[in-house]
Amino acid sequence: LGLVDVLDRCPSIRMPLEHFVAACPRLQPRYYTIASSSSVHPGTIHVTASVSATERPDGSVLGGVCTSYLARGPESCRVFVRESAFRLPEDPAVPIIMVGPGTGVAPMRALLQERAYQRSIYLTPEGKNTLYFGCRDRRLDYLYRDE
C-alpha cells in the first residue's frame, strides 16, 4: 500500500499538507539510455521504455511514474543527459558485435543509426554490424523490426 492508499482507507487520519509532503518519499531519478544518434536526430532524443503497470489485489492498476507520464505524450519533457560509455571504433570499417542481454536494445539502435549516418555522409565502407538480443514476445517486443 502506498501513502495515498492508507489515507484513502483511513479517512479519520488528518494532517497538514506540509506533513503529508514530508512523509512522501522523494522520487528517484529514472535513467534511460538514448536510443538515437545525435547525428541523425540533432534536435531530439529517442528513448526506449516499457510502460509498467502492476495490478493490485483490489483490481486497481499502479502505473510507473515516469513511463506512464511519457506514454501520455507530453509536448515536451525536461531531462538530464549523462554521457554514454558506448563508443564506436574510430575506423568505421571495423566490424562490431553488439549484445543486449537484458540491458535493452536502445544503445545498439543509436550505434546502428550512427554507423548508417557515417556510411551516407563519409561514403566510407562500413564494417559488418551484428546485433544479438532477445525478446519475450516477438509480436510485442521486437520494437525496431523495420530498422
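The values are calculated or read from the model by the stated rules, or taken from the named source; none is laboratory data. Here the structure is a predicted model, which is why all the values come from computation and not from measurement. Positions of Cβ are backbone-derived with ideal geometry, glycine not excepted, and every protein chain shown enters the neighbour counts. Ligands, DNA and RNA are excluded from the accessible area calculation, which covers all protein heavy atoms including side chains. Shrake-Rupley method; radii C 1.70, N 1.55, O 1.52, S 1.80 Å.
Details
- Options GLU90, GLU114, GLU18: the member that is acidic (Asp, Glu) and in a loop (DSSP other than H, G, I, E, B): GLU90
- Scanning the range 107-123 for residues that are modelled with pLDDT under 85 and either open to solvent by less than 40 Å² (accessible area, probe 1.4 Å) or among the aromatic types (Phe, Trp, Tyr) (or both) gives a single hit, TYR122.
- Each residue in the range 134-147 was checked for being open to solvent by less than 90 Å² (accessible area, probe 1.4 Å) and either at pLDDT 80 or above or within 14 Å of VAL40 (Cα to Cα) (or both), and 0 of them qualify.
- Any hit, the range 85-97, residues being surrounded by 15 or more Cβ atoms within 10 Å (Cβ to Cβ), within 17 Å of ARG30 (Cα to Cα) and at pLDDT 85 or above: no
- Residue check for VAL51: without any contact (Cβ under 8 Å) to a residue 40 or more places away in the chain, out of contact with any strand residue (DSSP E or B) (no Cβ under 9 Å at 6 or more places or on another chain), surrounded by 10 or more Cβ atoms within 10 Å (Cβ to Cβ) and β-branched (Val, Ile, Thr): no
- Checked against the criteria, ARG109 counts as within 27 Å of ARG145 (Cα to Cα) and touching a Leu at 6+ places or on another chain (Cβ under 9 Å).
- Criterion violated by GLY43 - all others in (1) open to solvent by less than 70 Å² (accessible area, probe 1.4 Å); (2) assigned to a loop (DSSP other than H, G, I, E, B) satisfied: (1)
- Hey, GLU126 part of a loop (DSSP other than H, G, I, E, B), open to solvent by less than 90 Å² (accessible area, probe 1.4 Å) and at pLDDT below 85 or not: yes
- Subset of the range 1-27 (residues that are open to solvent by 80 Å² or more (accessible area, probe 1.4 Å) and either of a type in the set (D, E, K, R) or within 30 Å of GLU114 (Cβ to Cβ) (or both)): ASP8, ARG9, ARG14, GLU18, ARG26
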